[in-house]
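Worksheet: one structure, shown below.
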Amino acid sequence: MKELVERVEIVTPYSFIAHFRQNSPARIGVLSSIAVTADDVHRVLEVDPGVEFVVNIPKAAIWQGSAIQILEEAGVAFGPLGHLMKAIAGRRNSEPLNDFVHPETSYFHTILSQHANLYRLIRVTDLIYEFQRKNGPPLLVAGLNEYELAGSTIRAAVAQHGNVSVIFATNPNAWPTSDAYEVAESMGIELFHERRKFYHRLHIPS
């Protein structure tokens, strides 16, 4: 990002303006929290309602669903530092950062949103969705995009975000390891790699 940024102008204790060599400036909010809450994002938006993107510095952190809802309603993008860098690198000319959604997040959200049995989709954390169904009780679902999804990744995700009913391995070019299936089963989680089978599970009313 250093190659793209010309200078940084501090605006408030929770925001700055990044001036770029080629593109127009961007107003960015900053947090440093292991678990980003609604109060955290309210604090940023109250002192600087003009931010386009809120970045959270700790890499191993979660965004609570209530915080995500506030940012989405305000039209503000969010994510860790890696997501901010991707948003900056991918913008064109004077495009604002507000509309940025990480491709992995967008892909999984689209898959869930297009399902015929979906009644309502609620964000629990940045990883987990509550998939409320027209037919059947709600399911807590998560998408993991690791190239080689291992059991340790599933354990870490559950420890950080909480338990889920179903995990979909979203990377179409990789397969979960046998260890991943064993760990998921031991934790009472159904793990799917094929979209067709995952979609079928969302239809089963149990």
**Item:** Local net charge near ASN171, Cβ-Cβ under 15 Å (Lys/Arg +1, Asp/Glu -1)
**Value:** -3
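Roughly what % antiparallel, to the nearest 5, for the DSSP beta bridges in region 103-203? Provide the component values of the computation, followed by the final result.
Numbers: 9 of 16 bridges.
Approximately 55 percent, going by the DSSP bridge assignments.
How much length is gained if the chain between VAL8 and GLU104 is pulled fully straight, taking 0.36 nm per residue apart and subtracting their Cα-Cα distance, in nm to one decimal?
On the way: separation 96, 0.36 × 96 = 34.56 nm, distance 2.88 nm.
Computed gain between VAL8 and GLU104 is 31.7 nm.
Let me check against my output: what whole-number percent is the relative contact order of region 103-203, with C-alpha pairs under 8 Å and at least 6 apart? Each step should come with its number before you reach the end.
On the way: 155 pairs, mean separation 22.4, N = 101.
Result for region 103-203 is 22 percent.
Grab the alpha carbons of region 5-90, take their convex hull, and tell me the volume per residue in Å³.
Working: hull volume 7.3 nm³, N = 86.
Per-residue hull volume (Cα only) is 85 Å³.
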**Complete:** For P(r) over Cα pairs in 5 Å bins from 0, in percent the list reads [x] 1, 7, 14, 15, 12, 11, 11, 10, 8, 6, 3, 1, 0, 0; [y] 1, 7, 14, 18, 17, 14, 12, 8, 5, 3, 0; [z] 1, 6, 11, 10, 8, 6, 6, 6, 6, 5, 6, 6, 5, 5, 4, 3, 2, 2, 1, 0, 0, 0; the calculated value is entry [y]
**Net charge of Cβ neighbours under 9 Å - reference ASN117; Lys, Arg +1; Asp, Glu -1** = +2
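What's the extension gain from SER24 to THR37 if we count 0.36 nm per residue and subtract their Cα-Cα distance? Please list the in-between numbers first.
Values: separation 13, 0.36 × 13 = 4.68 nm, distance 2.99 nm.
Contour length minus the Cα-Cα distance gives 1.7 nm.
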**Prompt:** Counting pairs of alpha carbon atoms under 8 Å apart in space and at least six apart in sequence, what relative contact order in percent does region 27-124 give?
**Reply:** 27
**Prompt:** Could you give the semi-axes, largest first, of the ellipsoid that matches region 125-191, computed as the square roots of 5 times the alpha carbon gyration tensor eigenvalues and rounded to whole Å?
**Reply:** 20, 13, 12
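Please give the charge dipole size of the chain, origin at the Cα centre, charges +1 on K and R Cβ atoms and -1 on D and E Cβ atoms. Round to the nearest 20 debye. Write out the running numbers ahead of the final one.
Details: 18 positive and 22 negative charges, 80 e Å.
Computed about the Cα centre, the dipole is about 380 debye.
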**Distance (nanometres) between label positions extended 7 Å along Cα→Cβ at ASN117 and ALA174** = 2.7
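Can you pull out the chymotrypsin sites (Phe, Trp or Tyr not before Pro) in region 104-170 whose DSSP state is coil and whose Cβ has at most 15 other Cβ atoms within 10 Å?
Answer by residue number: TYR147.
No lab work stands behind these numbers, since they all come straight from the coordinates. Source: prediction; values computed, not measured. Positions of Cβ are backbone-derived with ideal geometry, glycine not excepted, and every protein chain shown enters the neighbour counts.
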